[in-house]
Amino acid sequence: MPKRTSSCRWRKGRGMYSGIDRLVSAYRDKVEPRMRDLPVYNAALEVEAVDFEPYEGRLCGVLVTPWCVNLVLLPGEDDDWSWLAPGTRIRVAFPAGEYPCLLSAPEGMLPHLSLPLFTTVQDFADQDTARRVAREVLRQLYQDTRHPAPVDPVDNELDKSGLQQPLSRRRLLHGWLASKEGGA
């Protein structure tokens with residue numbers, strides 16, 4: 001069975017989306033062979049782009065690999081990152097908060113911004129689990145937790161535990177994983 005390139009809802013090789021295929025191919029062909037023998041490598045996972053969608057003129061999604069899981073932003077048509085050094089931090093605002101992303105361009109790959117979500121993936125039993133976690137991260141990233149929607153004061157069943165400050169990446173991931181473990 002051929003490896004899945006992505007679980008994105010777009011047509012391969014079309015316009016700005018062609019960068020996703022190039023990114024996945026580069027990670028699979030250039031980076032993965034060097035990572036296979038390292039202890040952080042999880043053979044149950046493969047390189048996959050998960051749910052890349054346009055966001056603020058760029059493509060944003062999650063890149064799952066057998067050694068890490070990163071939020072990735074691919075440059076938009078108006079972005080020129082050629083003058084920036086790899087490792088440059090760029091703060092990116094999302095509805096859930098502002099996060100520092102690093103500019104990456106390994107081995108001549110398409111420059112992209114990345115934010116490590118999981119630096120070890122040993123706890124992921126399979127690709128489907130990694131994909132579901134990636135989708136949940138994206139769902140929460142696009143929720144505005146800083147400005148909750150107005151609620152009906154008559155409703156006595158409201159949950160009063162709303163966030164008082166932007167959701168940190170650590171709280172986002174640990175809270176979601178803890179809720180999944182508790183509900184199992």
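Taking the stretch 52-107 as the range and being under 17 Å from I20 (Cα atoms), among the aliphatic types (A, V, I, L, M) and out of contact with any helix residue (DSSP H, G or I) (no Cβ under 9 Å at 6 or more places or on another chain) as the test, the residues that pass are L73, L103, A105.
Within the stretch 94-106, take every residue that is in a strand (DSSP E or B) and among the hydrophobic types (A, V, I, L, M, F, W, C) and give me the one that is surrounded by the fewest Cβ atoms within 10 Å (Cβ to Cβ).
Quick first cut of the stretch 94-106, residues in a strand (DSSP E or B) only: 94, 97-104.
From the residues that got through so far, the ones that are among the hydrophobic types (A, V, I, L, M, F, W, C) too are 94, 101-103.
On the way: F94: 20, C101: 20, L102: 15, L103: 18.
This residue is L102.
Considered as a group, the residues in the stretch 110-127 that are touching a Leu at 6+ places or on another chain (Cβ under 7 Å) and hydrophobic (A, V, I, L, M, F, W, C) include one that is modelled with the lowest pLDDT, and that residue is L110. For the stretch 100-109, the candidate set comprises residues that are more than 12 Å from the chain's Cα centre (by Cα) and modelled with pLDDT of 90 or more; within that set, the residue that is farthest from R34 (Cα to Cα) is P100.
Within the stretch 77-107, which residues are closer than 25 Å to R28 by Cα and aromatic (F, W, Y)? Once the filter is applied, which keeps residues that are closer than 25 Å to R28 by Cα and aromatic (F, W, Y), the stretch 77-107 yields only W81. For the stretch 107-143, the candidate set comprises residues that are part of a helix (DSSP H, G or I) and free of Cβ contacts under 8 Å to residues at least 24 places away in the same chain; within that set, the residue that is farthest from N70 (Cα to Cα) is G108.
The values are calculated or read from the model by the stated rules, or taken from the named source; none is laboratory data. Just so you know, these numbers come straight off a predicted model, no measurement behind them. Here Cβ is always computed from backbone atoms with ideal geometry, including for glycine, and neighbour counts include all displayed protein chains.
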